[in-house]
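Okay, so here's the structure we're looking at.
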Amino acid sequence: MPSLPINRRRMLQGCGVALGLPYLESLARASQASPDTAKPPVRAAFLHFPNGIWEADWNPIGIGKNYQLSKTLAPLRDVKDDVLVCTGLGKPHSDGGDGHYSKTANFLTGMTVKKTSGKDISAGGISVDQLMAKASLGKVLVPSLVLGVYPVETGIDRSVGYTRAYGYYVSWQSAGRPITPEIRPSVVYETLFGGAGRHNRSSQNRHLLDYVLEDANSVRAKLGRQDQHKMDEYLDSVRSIEYRLEYLKQNRQRDQIQNAQRVGESYKVGPVHDFRDHIDIMLDLVALAFQTDTTRVCSMMMAGGSSNQSFSFLDGVDEEHHTLSHHENNPRKISQYQKINQWYVERYAKFVAKLRSIKEGEGTLLDNCMILFGSGMSDGNRHDPFNLPILLAGKARHRMETGRHLAAPGGSAPLCNLYVSMLDKFGIATKSFGDSTAPLFD
Amino acid sequence: MTSSGKYGLLIVGFVAALSAATYYYRSIPNELPLYGTYSEQWLSNREKLLTRKDLVALYTFQDQSGQQGVFADLSGGWNTKLKVSEENFFGAERPFDMVEGRWPWKNAVALDQLPLERSPIQVSQAGFSFSLWFRHHGSGMRPGPNLDYTGNILALGDGVWSGWKLSLMARSNALVFELGQPKPQYPVGVASASRVPPRTWTHVAGTWDRNKISIYINGFLSNSVPYQGEFFQVESFNKFRIGFVGNGLGSASIEVDELVLFDSSLNAEDVFAIAWPNESLSEDINQRMQLADRHIADAQWLQAAEIYDSLIDQLSSSQLRALFQLRTSQCFAIGGESDAAMQRLTIVQDQADVSDTIRDTAKAESLAILEGVGPDTYPFKSDDEPQNRVDAHRLSVPVPQYDRAMDQFTQYRNVRDATVWMSRFDHDIMPLVNQICVGCHDASSTNGDIDLSTIASGEIAGKHGSFWDLAARRVEKREMPPADATPLSDADRQKLVRWMRNRPRAAFCEELATEDNKRTYHSQASTRRLNRLEFINAYRDLLGVGLSEDTLPPSDGAGGEGFDNVADVLFTSTSHMDTYLKAAAESIDAVIDYPVSDNRSILANLLRDELKTQPAQGHELAAVERILATFARHAWRRPVEGPEVAKLLELFSIVRNESESFQEGLEVSLQAVLVSPNFLFVVESERDEMNVQRLTAHELATRMALTLWASIPDQELMRLAASGQLNDPQTLRQQTKRMLEDPRSRGFGEAFGARWLGIDENSERVPDATMFPEFSDDLKQTFREETIRFVTHVFRENRPPFELIDADYVWANDTLAEHYQLQTDRPSGWQLVKVTGSQRGGVMTLGSVLTATSYAARTSPVLRGKWVMERLLGTSVPQPPPTVPSIDQSAPEVTATTFRSRLERHRSDPQCMVCHQTMDPLGFALENYDAIGRWRDNENDVPVDSQAELPDGTKLAGPEGLKKALIERRGEVERQLVRKLLGYSLGKALDEYDQCVVDRCIKKMEEEKIGARELLEEIFLSFPFQHRYFHKGT
């Protein structure tokens, strides 16, 4: 980097305190360590589906290894040995909150979703995927992949007094800062695999970013306290781009980047219009990102938090998802609701099978993954935040025992207990997360 | 709890409680203004209370037990401390503040977010009572999550199905004391027959003695109703709560002091003694008052008035005389004798030596009478409710006439308060100021920046607004006058501070909330990035190019009043930055690489002018400098300083040298302008240490352009900002007109119109393709376009704002003319088409609205009714209780007719009736439109029934009937429109400081019949739009 280095260093030191993520420092540390150890890394994905489930058809029969799949879980039959079915997990902090917002936004934080039409928005804490993303800094090109298929909906739900935006965020960088999911496959693809193209201009981009960072800091200095937080968001996002440029530059020769570039040349994404294709393509991209070790952590909202997606493509389903989730114990609605639940399980089973079909080292990619699938509520009719539908696939490098039904000890436990266990398998030793009381398993 | 058990515990706790009480109040100052030796009287009263056998709990809020948010029960009750509820409803960070209580040396608790709560109280079937001092904040009422109209003060359980509660009616400021009844009954209760003015301490007591429920205000019986039924105990897991309750019961911003609970029914004498412990009434007077109470119970107000009146001369203290004057006048007022009431009220409010409670109440009462908000509008005294049975649910539906009266009342109160405040300056304050302050603070001195000698009247004083807040702080802290100046006696100091602090609310029109006077702006961000639409439009105006799918920023969520321009919810993620970089690179490339001659954008023009020919060697930099400076000025909407241009130029040089390409250097430096936060963010920067500052003309121009165009200012606007002319109201009005006439004002229709009406382009809800094959993306876009054009039209042409509801035309193209079956020559493009009849015209008949309020396969009268209530009338509708089964309309056997009868049965359930009785009729009136907005006379060969009736008897027949009903409620509709417009223009949730802008706009609409464009002009000229509040930076 031929010029501006002094300014930059000074600037970076200056704002290092205020900024959450010390990207460049972690990068420097990582490049000193020896790259590509023999052990493949653990990857984690968190898939959220909306509107809960019809419990009677979801709950598996029997506990432990010899359990039987329920009707809704039937699509898991081919991957049963790789899946851990969890029951009895809940989000006590969602209890009492209204509607879907207080159940969705905290799917990965476990804490209270603040009731607000905008001011002081909060999901109570950092989300589990973002904690893992922090640990991936310096190890991969894209530390955090946050995906969705629906744009954030505008407006306020006046009935319950929450901004609708809550229904579209599960990843939270901090309690008050949600991450906007990327919904365009082409952009995701470009971020993950477009390295070669971008690299051509990277030195100019660096100058541009240097300029912009300096500019942002001078703007920040002129702002009041609360507004400075807004500028910090901006600075953080600039630095995450800068991180990627720097990462590419330093790791150009590593297999990790070379593989990603090969993928970039061979895999093409066009525009998608159909909801089903959209989910499938996004999950394909996640599989590729995991396979090439371009990212290790991903969250994805398979639809908005109170999605009213039409499922008329399923036989016998003639109303929208959210409408059906308020089934009022009416058998006709329940049967339609159950079909939609099952459809989402099918998408998951397909994704898990795909990860299992990819070889990695002695085993499969799935062996080194933790793929969580679940919803922020159980019975959608009651918006019940207990006994949540939660599936976890993959063996986290053979440190996790799958192929069984794990009922929470004593019948109920915080969902965050599972997150503590997952953080442990991911290599983050922590005693607690969110409202956890103990690890769910060792 | 059995009574013996309780008394046992009581004795155990007693000793500790008494010694605690002594400890807490040891430091009471001896000299207290107004109350003299009140403290001792009050302490002995406290001891009397503590020895009462029927005492259940006594909270003074003085102590915090070393634990934030915990208050001891001084009666020593075990495990009955009041704690801040852990239920994090509005956020637990600052659940309450301690404020100055009933006496200057004593704390009280301010609650507006979380309730204080404790374990439930078992109520004796022999009766019970409570007593408390409380103060509320009128328009500062915090709307509850569901119903806006009641604010909880005390509640045992929910007070609806069991237990009891005391609540404040937000509109009337009356108090309601109710006993819950099991479903499906309603609570029984009593409403106070007089209002409780905001911002003054009021004593309230409630009793039930197995025979009647009574409510006492300031020691006097205010009203009572018979009730001999049972008391329904709450479950043990329930709570006793003070403040916000939730569960649809609303909330109020209140302060509470001295709460006492008894498990017997207090008599009137007891209540009076607790309220006024330093005043005593003779036996004879007490007997006469009992007689008055009996009259009140029989609603014989004039008889009661005469009794109180006859007692005045026998009273010993001026305080008591004023109290009885007030009470006399209240009874006269309710009894219809306004003149007699006014005569006494005038005496009371000018009396200096009485407590604020008495004086403020008198002031509120007299203004209410002046304005005709007299007895007949007390909500609970109408003829058809002789029992005064409170039906809080019914009252939760706003009564338009009453609202209007209250609005007028508020306005008059403001004017009246201001007059009193100003005249006090003339008589009491100005002599003091002249004597003490002017010696230093005059024209010749440099002490502060104010020349006090120029403040020669109360009227001029009023214009100095928040200066008096600053002055009050300094005088109170004894910083002023300084030690070497003319000394100020304590009494005069107090007089000065008190006057300064009492600045009337009318002045709010000229101020914003600040750190000192309000918590409104705590943790509220104001600097925000451009939202998606503004970003797209700004690119269009700067570069003349559209953006490709991959360079469009993600969509934005909404906050504030429901618009997506609110800083709190405009987050910046990595994916935004990816997009910004890419958009800048692609678009700048497009302008430079593929110059199109018809591109008249700012950048294209600039490049053409500066780079007609390759700049000569050595002149290259100068040309680039001009390009960058001009481009940055437009993109950043402000003058650009030398060092800023130098930085851009430096970037140009670095890239140019490294890439050895002039074009590369130019491109990257132009990109930098667009990726800079100066472009992406609406930066309004702080200029000195004051909290509230006037915006610069450029910042004002930006706000106007964002509001009217959802884009950045153009050259003309920038020119007027640079010359300062934009600060001239006349210029601002001309510009508003010009900008609305510009095609870019489509942005207003999109950002305001579509959002206000809830037309979300991202909605997942689409009509079912098999049932409505006619529906297509094209039709959806056409609907959206119609919405935008219609709303924009009303503002552009300065039409009466109500035309948004009631128009005799539609905007249509040929697709729409066919869809709507308009009787017209086929229009070829978009045009205004006159319509007759009531089938079309107005926002309720828009295809976009009718589709958005339908399910995929059917219409929904409920959703449509809810839409009318929420969007047009500004009433929020709570979520249905989870236990109520809905109607399965999709079941094959359900036809339109059966659906309606089922819905009517559904409404007969009292739980549902509250909302549905208003919501459904509004929606049924729109049944002639199908789920994609087409007119239909029949559904499945059965004629559509669009007849309905509102609870107040208004008949609604089809869209015409609905329009008539809305015309009846014109005031509510217009208020809602103004609120939404202001909320959109300011990009935030409205607070009490914005309220007077709303009031002023409404007044102008009523009196001057201003049009929609002029309404926007009023907003642009308003204080909150032209000023900004700055948090202190770090």
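The values are calculated or read from the model by the stated rules, or taken from the named source; none is laboratory data. No experiment lies behind these values; they were computed from the predicted model shown. Neighbour counts are summed over all protein chains in view; Cβ atoms, including those assigned to glycine, are modelled from backbone coordinates with ideal geometry. Surface accessibility is based on the protein's heavy atoms, side chains included, excluding ligands, DNA and RNA. Shrake-Rupley method; radii C 1.70, N 1.55, O 1.52, S 1.80 Å.
The table for this structure:
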{"item": "B:Asn599 being in a loop (DSSP other than H, G, I, E, B), crowded, with 20+ Cβ neighbours inside 10 Å and more than 7 Å from chain A (Cβ to nearest Cβ)", "result": "no"}
{"item": "Within region A:308-362, tally of residues that are open to solvent by less than 20 Å² (accessible area, probe 1.4 Å), small (Gly, Ala, Ser) and away from every other protein chain (no Cβ under 14 Å)", "result": "1"}
{"item": "Residue in region A:235-247 that is part of a helix (DSSP H, G or I), at pLDDT 85 or above and more than 14 Å from chain B (Cβ to nearest Cβ) present", "result": "yes"}
{"item": "Top-ranked residue of region B:630-660 - restricted to ones that are closer than 23 Å to B:Phe535 by Cα and open to solvent by 30 Å² or more (accessible area, probe 1.4 Å), ranked as nearest to the other protein chains (Cβ to nearest Cβ)", "result": "B:Glu644"}
{"item": "Some residue of region B:571-583 being in contact (Cβ under 8 Å) with a residue 60 or more places away in the chain, open to solvent by 10 Å² or more (accessible area, probe 1.4 Å) and either facing chain A (nearest Cβ under 10 Å) or in contact with a His (Cβ under 8 Å, 6 or more places away or on another chain) (or both)", "result": "yes"}
{"item": "Residues within region B:671-721 that are part of a helix (DSSP H, G or I) and either more than 29 Å from the chain's Cα centre (by Cα) or not aliphatic (A, V, I, L, M) (or both), tallied", "result": "22"}
{"item": "Conditions (1) more than 33 Å from the chain's Cα centre (by Cα); (2) buried (at least 23 other Cβ atoms within 10 Å of the Cβ): number failed by B:Leu261", "result": "(1)"}
{"item": "Test set (1) within 14 Å of chain A (Cβ to nearest Cβ); (2) open to solvent by less than 10 Å² (accessible area, probe 1.4 Å) - B:Leu740 fails condition number", "result": "(1)"}
{"item": "Selection from region B:975-1031 of residues that are free of Cβ contacts under 8 Å to residues at least 24 places away in the same chain and outside any helix (DSSP H, G or I)", "result": "B:Ile1010"}
{"item": "Those residues of region A:123-138 which are surrounded by fewer than 24 Cβ atoms within 10 Å (Cβ to Cβ) and within 12 Å of chain B (Cβ to nearest Cβ), in sequence order", "result": "A:Gly124"}
{"item": "Residue among A:Leu147, A:Leu141, A:Leu108 that alone is modelled with pLDDT of 90 or more, more than 8 Å from chain B (Cβ to nearest Cβ) and under 20 Å from A:Leu245 (Cβ atoms)", "result": "A:Leu141"}
{"item": "Flag for A:Leu314 being more than 23 Å from the chain's Cα centre (by Cα) and either among the aliphatic types (A, V, I, L, M) or closer than 15 Å to A:Leu47 by Cα (or both)", "result": "yes"}
{"item": "Members of region A:92-105 found to be part of a loop (DSSP other than H, G, I, E, B) and either closer than 18 Å to A:Ala44 by Cα or modelled with pLDDT under 90 (or both), listed by number", "result": "A:Asp95, A:Gly96, A:Gly97, A:Asp98, A:Gly99, A:His100"}
{"item": "Number of the condition not met by B:Glu818 [criteria: (1) surrounded by 18 or more Cβ atoms within 10 Å (Cβ to Cβ); (2) farther than 30 Å from B:Leu717 by Cβ]", "result": "(1)"}
{"item": "Close pairs (7 angstrom Cβ cut-off, 6 or more residues apart or separate chains): at the interface with chain B (Cβ under 9 Å from one of its Cβ atoms) in region A:87-98, open to solvent by 20 Å² or more (accessible area, probe 1.4 Å) and assigned to a loop (DSSP other than H, G, I, E, B) anywhere", "result": "A:His93/A:Met111; A:His93/A:Thr112; A:His93/A:Gly124; A:His93/A:Asp435; A:Gly96/B:Glu87; A:Asp98/B:Gln879"}
{"item": "Scope region A:372-394; condition in contact with a strand residue (DSSP E or B) (Cβ under 8 Å, 6 or more places away or on another chain) and either free of Cβ contacts under 8 Å to residues at least 40 places away in the same chain or open to solvent by 10 Å² or more (accessible area, probe 1.4 Å) (or both); matching residues", "result": "A:Phe386, A:Asn387"}
{"item": "Index of the failed condition, B:Leu281 passing every other in (1) touching an Asp or Glu at 6+ places or on another chain (Cβ under 8 Å); (2) outside any helix (DSSP H, G or I); (3) touching a residue at least 40 places away in the same chain (Cβ under 8 Å); (4) among the aliphatic types (A, V, I, L, M)", "result": "(3)"}
{"item": "Breaking point among (1) out of contact with any Ser or Thr (no Cβ under 7 Å at 6 or more places or on another chain); (2) surrounded by fewer than 18 Cβ atoms within 10 Å (Cβ to Cβ), for B:Leu281", "result": "(2)"}
{"item": "Failed item in (1) more than 25 Å from B:Ala108 (Cα to Cα); (2) crowded, with 24+ Cβ neighbours inside 10 Å; (3) at pLDDT below 90, with B:Gly163 passing the rest", "result": "(3)"}
{"item": "Verdict on B:Ser318 being in contact (Cβ under 8 Å) with a residue 24 or more places away in the chain and under 20 Å from B:Gln351 (Cα atoms)", "result": "yes"}
{"item": "Within region A:205-233, considering residues that are aliphatic (A, V, I, L, M) and touching a residue at least 24 places away in the same chain (Cβ under 8 Å), the one farthest from the other protein chains (Cβ to nearest Cβ)", "result": "A:Leu213"}
{"item": "So B:Lys612, is it within 14 Å of chain A (Cβ to nearest Cβ) and open to solvent by 50 Å² or more (accessible area, probe 1.4 Å)", "result": "no"}
{"item": "Filter result for the condition that a residue is without any contact (Cβ under 8 Å) to a residue 60 or more places away in the chain, closer than 25 Å to B:Leu291 by Cα and assigned to a loop (DSSP other than H, G, I, E, B), over B:Gln228, B:Gln181", "result": "B:Gln228"}
